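Before any comments, here is the structure.
The values are calculated or read from the model by the stated rules, or taken from the named source; none is laboratory data. A quick note: this is a predicted structure, and the numbers were derived from the prediction, not measured. Using ideal geometry, Cβ is built from the backbone for each residue, glycine included, and neighbour counts are taken over all protein chains shown. Heavy atoms of the whole protein, side chains included, go into the accessibility calculation; ligands, DNA and RNA do not. Shrake-Rupley method; radii C 1.70, N 1.55, O 1.52, S 1.80 Å.
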Amino acid sequence: MRTLDFRPKMVSAIKNYNKQTFTADLMAGIIVGIVVLPLAIAFGIASGVSPEKGIITAIVAGLVVSAFGGSKVQIGGPTGAFIVIVAGIINQYGMEGLTIATLMAGVFLIGFGLLHLGTIIKYIPYPIIVGFTSGIAVTIFTTQVKDLLGMQMTDVPSDFIERWIAYFQHLDSIDLWSSIIGLASVVIIAIMPMINKKVPGSLVAIIVMTVVALLLKEYAGVTSIETIGDRFSISSQLPEATMPVLSWEGIKELVPPALTIAVLGAIESLLSATVADGVIGDHHNSNTELIGQGLANIASPIFGGIPATGAIARTMTNINNGGRTPIAGIIHAIVLLLIFLFLMPLAKYIPMACLAGVLVVVSYGMSGWRSFRALLRNPKSDITVLLLTFFLTIIFDLTIAIEVGIICACLLFMKRMSETTDVQVIYDEIDLNEDADMEAGNLVHLTIPKGVEVYEINGPYFFGAGNRFEDIMARYGEHPQVRIIRMRKVPFIDSTGLHNLENMCRMSQKEGITIVLSGVTAKVEAVLRKNGFTELLGTENICNHIDLALERARELTK
């Protein structure tokens, strides 16, 4: 029985903690907290909630992930990947539905960790990850066009195609000053790494463009630039912890979106932790990380937040600025809390076009267009999964995209695995030069007696392999007295393989044909014995070596 795999990195990190490490964590935590501020506000607004909910999510989730997670340097909070999901859930189920779905996702994530699924989730096919990540990026960009260009639209369709049609119909409503603010924000964020890599371009863009917007309003009479304060009422009060009203019907209805949040959160957080491991030379605990993410997604909605996960960009910022323990993540949460309490009212002056510019850059970074282009040179099956997931994400929603993408990937995996098992028909002689199941001193070639057919299975005997075996027997087989089945290269056999093998043995017996198994490995033989093959075939017809099987066949054909 597996033991509980919950070992937060915080426990081991504080054992040899010293002043030097704290100084590095302090500086990293302050910088990350400042970097996260504009992103948290932007992600909150883009998700369809108020800006303070984005910051609250970053505070609560960031604190919990660092305290209970399985990575030393992971920074948790709201991310761009959840924008589409959160907005969709709010549109369909309301804010209370989002709260319940996020709580359920937290429970699912804890379940993933307790069931030791951390390592398995990391093996979700790469085309699926690239497909839905690129799809999310396109969707995020699509949602920001209105604010980026300052379009005057009262009703923006939620459907991807209808939204673009509406944009083209309202091209005449583009506001020049908002467009300048938005595009200038993109330029500032793009060029800041060339000037100073440590200063976040998004923060610089927000400060500069906010000042520009205020000056334009004050001295040039420009009032068309919409700000956060024009759309939202800003509050700097900490919310009270509240639990939503739960009902069984509501829970059942929210299972699909909750699973989508959980799966996406698990993938993104574990990818982020894996990338961080490669940089700092550490190994995160996947199952502990999932439990930590689960706890964060339970705590966040209780305080009015939205779904959260590990963020690669923020985690790398933490590492690049010296953060090496979870203390840095906790400090970043404290910094955000102080900003929230004392500076939050100033957020109302930030132009919406500037936030849209920030998210446009985020969507570009998420698009992974180079990976997307590279995958288009892969086998057709990978391209199919990639494009299917991509288009389902942008045309329908991420829940459907992930479900269909994983189903297609599983079907392709089963097809590929079934193709790895080869069944051969051996005529006249058996070459023992490379045989692993021959006895020392045997001849190099063994002659197959008349009235005997020899088949060899190379690979796992599971779904698909049994049907292929039956097809080959029907095509090449005659009506022998004995059929020898060499299984020396069969590492395991599943229930489907057992069922097919049993049917084949019984059908052969009805036709008066004796089945002899050769070279059965100890693992496979134990499964066969447990399922009654000893009684079905007889102990004497399950042989360790091919020469013993041929000797048995000669006895039966005399």
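Quick grid of which residues meet (1) of a type in the set (A, V, I, L, M); (2) modelled with pLDDT under 80; (3) touching a Pro at 6+ places or on another chain (Cβ under 6 Å):
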{"site": "Gly459", "(1), (2), (3)": "no, no, no"}
{"site": "Ala465", "(1), (2), (3)": "yes, yes, no"}
{"site": "Ile472", "(1), (2), (3)": "yes, yes, no"}
{"site": "Ile485", "(1), (2), (3)": "yes, no, no"}
{"site": "Ile493", "(1), (2), (3)": "yes, no, no"}
{"site": "Arg506", "(1), (2), (3)": "no, no, no"}
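So that you can scan it fast, the table gives a plain yes or no per residue for (1) modelled with pLDDT under 85; (2) surrounded by 15 or more Cβ atoms within 10 Å (Cβ to Cβ); (3) touching an Asp or Glu at 6+ places or on another chain (Cβ under 6 Å):
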{"position": "Arg370", "(1), (2), (3)": "no, no, no"}
{"position": "Ala374", "(1), (2), (3)": "no, no, no"}
{"position": "Leu386", "(1), (2), (3)": "no, yes, no"}
{"position": "Thr389", "(1), (2), (3)": "no, yes, no"}
{"position": "Ile395", "(1), (2), (3)": "no, no, no"}
{"position": "Val404", "(1), (2), (3)": "yes, yes, no"}
{"position": "Leu411", "(1), (2), (3)": "yes, no, no"}
{"position": "Arg416", "(1), (2), (3)": "yes, no, no"}
{"position": "Thr420", "(1), (2), (3)": "yes, no, no"}
Pairs with Cβ under 9 Å, 6+ apart, first in the range 370-397 and closer than 28 Å to Glu162 by Cβ, second among the basic types (Lys, Arg) and open to solvent by 70 Å² or more (accessible area, probe 1.4 Å): Ile383/Arg377
Using beta carbons and a limit of 9 Å, which pairs, at least six apart or on different chains, have the first residue in the range 243-262 and free of Cβ contacts under 8 Å to residues at least 40 places away in the same chain and the second one surrounded by 10 or more Cβ atoms within 10 Å (Cβ to Cβ) and of a type in the set (Phe, Trp, Tyr)? none
Expected output for the range 176-192 (first residue under 20 Å from Gly221 (Cα atoms) and at pLDDT 95 or above, partner of a type in the set (Asp, Glu) and assigned to a helix (DSSP H, G or I), Cβ below 9 Å, 6+ apart or cross-chain) is Ser178/Asp147; Gly182/Asp147
Selected residue (criterion: farthest from Gly33 (Cα to Cα)) from residues of the range 202-211 that are touching a helix residue (DSSP H, G or I) at 6+ places or on another chain (Cβ under 7 Å) and without any contact (Cβ under 8 Å) to a residue 40 or more places away in the chain: Val208
So which of Glu289, Glu218, Glu268 is assigned to a helix (DSSP H, G or I) and under 30 Å from Ile180 (Cβ atoms)? Glu218
Name the pairs: first residue in the range 214-231 and farther than 23 Å from Pro51 by Cα, second residue part of a loop (DSSP other than H, G, I, E, B) and open to solvent by less than 70 Å² (accessible area, probe 1.4 Å), Cβ to Cβ under 6 Å, at least 6 apart or on different chains? Leu216/Val222
Any hit, the range 356-364, residues being of a type outside the set (D, E, K, R), farther than 24 Å from Ser185 by Cα and surrounded by fewer than 18 Cβ atoms within 10 Å (Cβ to Cβ): no
When the residues of the range 30-54 are filtered to those that are within 25 Å of the chain's Cα centre (by Cα) and open to solvent by 30 Å² or more (accessible area, probe 1.4 Å), which remaining residue is nearest to Val86 (Cα to Cα)? Gly48
Before we move on, is Arg506 touching a residue at least 24 places away in the same chain (Cβ under 8 Å) and in a helix (DSSP H, G or I)? yes
Please verify whether Ile225 is open to solvent by less than 70 Å² (accessible area, probe 1.4 Å), outside any helix (DSSP H, G or I) and touching a Pro at 6+ places or on another chain (Cβ under 7 Å), treating the condition exactly as stated. yes
What number goes with the only condition from (1) at pLDDT 90 or above; (2) open to solvent by 40 Å² or more (accessible area, probe 1.4 Å); (3) not aliphatic (A, V, I, L, M) that Pro379 does not pass? (1)
Give the number of residues within the range 184-202 that are assigned to a helix (DSSP H, G or I) and out of contact with any Leu (no Cβ under 7 Å at 6 or more places or on another chain). 13
Within the group Ala299, Ala308, Ala328, which residue is under 26 Å from Ile110 (Cα atoms), open to solvent by 10 Å² or more (accessible area, probe 1.4 Å) and out of contact with any His (no Cβ under 9 Å at 6 or more places or on another chain)? Ala299
Residue satisfying condition, being in contact with a helix residue (DSSP H, G or I) (Cβ under 7 Å, 6 or more places away or on another chain), assigned to a helix (DSSP H, G or I) and surrounded by 15 or more Cβ atoms within 10 Å (Cβ to Cβ), within set Ser179, Ser236: Ser179
Which numbered condition Asp172 fails, given (1) over 20 Å from Ser363 (Cα atoms); (2) touching a residue at least 24 places away in the same chain (Cβ under 8 Å): (2)
Residue ID - most open to solvent (accessible area, probe 1.4 Å), chosen from residues in the range 117-151 that are touching a helix residue (DSSP H, G or I) at 6+ places or on another chain (Cβ under 9 Å), modelled with pLDDT under 90 and assigned to a loop (DSSP other than H, G, I, E, B): Lys122
Is it true that Thr309 is within 23 Å of Ala262 (Cβ to Cβ) and among the β-branched types (Val, Ile, Thr)? yes
Mind listing whichever residues of the range 239-265 are acidic (Asp, Glu), part of a helix (DSSP H, G or I) and exposed (fewer than 10 other Cβ atoms within 10 Å of the Cβ)? Glu249
Filter the range 501-514 for residues that are under 46 Å from the mean Cα position of the chain (by Cα) and within 10 Å of Leu537 (Cα to Cα); which is most open to solvent (accessible area, probe 1.4 Å)? Arg506
